[in-house]
Amino acid sequence: MKPRPFLILGSQRAGTVYLQELISSHPDAHCYGEVLLGMDGPTAVGFPGPLARQRLLRHAWQHVLSGSALRPQRVLRRAVDSPETGVAGVRVMYNQVNRRVMRFMEDLSVSVIHVRRANILQQYVSLTQMRERQRTLGASSAHSRAPVTFAPTIVKPQLALEFVQRRDAEQTRFAAWCDARASMSIWYESDIMGISAERAGAQVDDEPLDLRIQGFLGLDRRELKSDTVKTGGRTVAQSVGNFEDLSRAFIGTPYAWMLE
């Protein structure tokens, strides 16, 4: 009997690609990327050259032609059923979860690896930096295989605060859903970056992340690796050119600690 399929649930710039590669490095497991965007898996499609630097149009093209727009359950099913042996999973972002996707996850009783960011403001800054990098360098630069140095970026304080509020609510809602199912919780800061996330209520586990994942998925223990280089080591003050303006928007809110 094949192991139960799994999915990595999270949001952009939270370490989902790192986890995908980590799991796929195990000989008895494979994790596809964002099959619901038509970017990976058995139903993946390419895109015309002129769309290479048009991220939203490119995603829309692949989303429709892969079948994900009309039949996301079929796309997900084909992905998790594709390997002949071992365990298979997919990477799903919060904004890709609708009622049909949720029904698929519940009907199939998938195991869920839920990854969150404690410092959501840093996540917003990272998103801003990477999108600037994509516009400059093209479609293949969203994730790094080598260290990247970013110049301080300018953010809009009110948009940043709204993003943090919205993402905090999303994480809380999905965490409640995961708690009622077979799930594993991962925090980007403590589990992937190796820095403290206790300020945001994140629980720290002493067991190495790769061993926890293999135990959760029922895999034999092997050495796992990912080639993705994480870029989240800088503080918000080091990353934002208009830090004083940003501080004024966050002081007095429950998220003021994220400025540190």
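The values are calculated or read from the model by the stated rules, or taken from the named source; none is laboratory data. In this text, all values refer to a predicted model and were calculated from it rather than measured experimentally. As a convention, Cβ positions derive from the backbone with ideal geometry for all residues, glycine included, and neighbour counts pool all protein chains shown. Surface accessibility is based on the protein's heavy atoms, side chains included, excluding ligands, DNA and RNA. Shrake-Rupley method; radii C 1.70, N 1.55, O 1.52, S 1.80 Å.
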Handout entry: Flag if residue 17 is within 29 Å of residue 220 (Cα to Cα), in contact with a helix residue (DSSP H, G or I) (Cβ under 8 Å, 6 or more places away or on another chain) and at pLDDT 90 or above
Key = no
Completion exercise
Selection from region 37-59 of residues of a type in the set (A, V, I, L, M), open to solvent by less than 50 Å² (accessible area, probe 1.4 Å) and part of a helix (DSSP H, G or I) yields 37, 51
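Report, by residue number, each residue of region 19-36 that is in a helix (DSSP H, G or I) and either surrounded by fewer than 22 Cβ atoms within 10 Å (Cβ to Cβ) or in contact with an Asp or Glu (Cβ under 6 Å, 6 or more places away or on another chain) (or both). Give the derivation first.
Taking region 19-36 first, the residues in a helix (DSSP H, G or I) are 19-24, 35-36.
Within region 19-36, 21, 24 qualify.
Name the residue that is farthest from residue 153 (Cα to Cα), counting only residues in region 236-260 that are in contact with a helix residue (DSSP H, G or I) (Cβ under 9 Å, 6 or more places away or on another chain) and among the polar types (S, T, N, Q).
Initially, region 236-260 is screened for residues in contact with a helix residue (DSSP H, G or I) (Cβ under 9 Å, 6 or more places away or on another chain), giving 236-237, 239-240, 242-243, 245-251, 253-260.
So of that shortlist, the ones also among the polar types (S, T, N, Q) come out as 239, 242, 247, 253.
On the way: 239: 6, 242: 8, 247: 15, 253: 23 Å.
Filtering region 236-260 for residues that are in contact with a helix residue (DSSP H, G or I) (Cβ under 9 Å, 6 or more places away or on another chain) and among the polar types (S, T, N, Q), the one farthest from residue 153 (Cα to Cα) comes out as 253.
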Handout entry: Filter result (part of a helix (DSSP H, G or I) and either open to solvent by 60 Å² or more (accessible area, probe 1.4 Å) or without any contact (Cβ under 8 Å) to a residue 40 or more places away in the chain (or both)) within region 217-242
Key = 237, 238
Completion exercise
Sole miss for residue 87 among (1) under 25 Å from residue 166 (Cα atoms); (2) surrounded by 16 or more Cβ atoms within 10 Å (Cβ to Cβ) is condition (1)
Problem - Boolean, residue 67 is over 18 Å from residue 8 (Cβ atoms) and open to solvent by 40 Å² or more (accessible area, probe 1.4 Å) - result: no
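Considering only residues that are among the aliphatic types (A, V, I, L, M) and assigned to a loop (DSSP other than H, G, I, E, B), look in region 178-196 and name the one that is farthest from residue 17 (Cα to Cα). Spell out how you get there, then give the answer.
Let us first name the residues in region 178-196 that are among the aliphatic types (A, V, I, L, M), namely 180, 182, 184, 186, 192-193, 195.
Applying the additional criterion that residues be assigned to a loop (DSSP other than H, G, I, E, B) yields 180, 182, 195.
On the way: 180: 25, 182: 21, 195: 19 Å.
Per the criteria, the residue is 180.
Would region 28-37 turn up any residue that is farther than 18 Å from residue 8 by Cβ and aromatic (Phe, Trp, Tyr)? Can you show your working first?
Our first condition is that a residue be farther than 18 Å from residue 8 by Cβ; within region 28-37, this holds for none.
Scanning region 28-37, I find no residue that is farther than 18 Å from residue 8 by Cβ and aromatic (Phe, Trp, Tyr), so the answer is no.
Residues that are at pLDDT 90 or above and surrounded by 13 or more Cβ atoms within 10 Å (Cβ to Cβ): does region 143-153 have at least one? Before the answer, list the steps.
Narrowing region 143-153 to residues at pLDDT 90 or above: 153.
Filter once more, so that each one left must be surrounded by 13 or more Cβ atoms within 10 Å (Cβ to Cβ): 153.
Scanning region 143-153, I find at least one residue that is at pLDDT 90 or above and surrounded by 13 or more Cβ atoms within 10 Å (Cβ to Cβ), so the answer is yes.
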Handout entry: Members of region 170-182 that are more than 14 Å from residue 97 (Cβ to Cβ) and either out of contact with any Phe, Trp or Tyr (no Cβ under 9 Å at 6 or more places or on another chain) or buried (at least 17 other Cβ atoms within 10 Å of the Cβ) (or both)
Key = 172, 179, 180
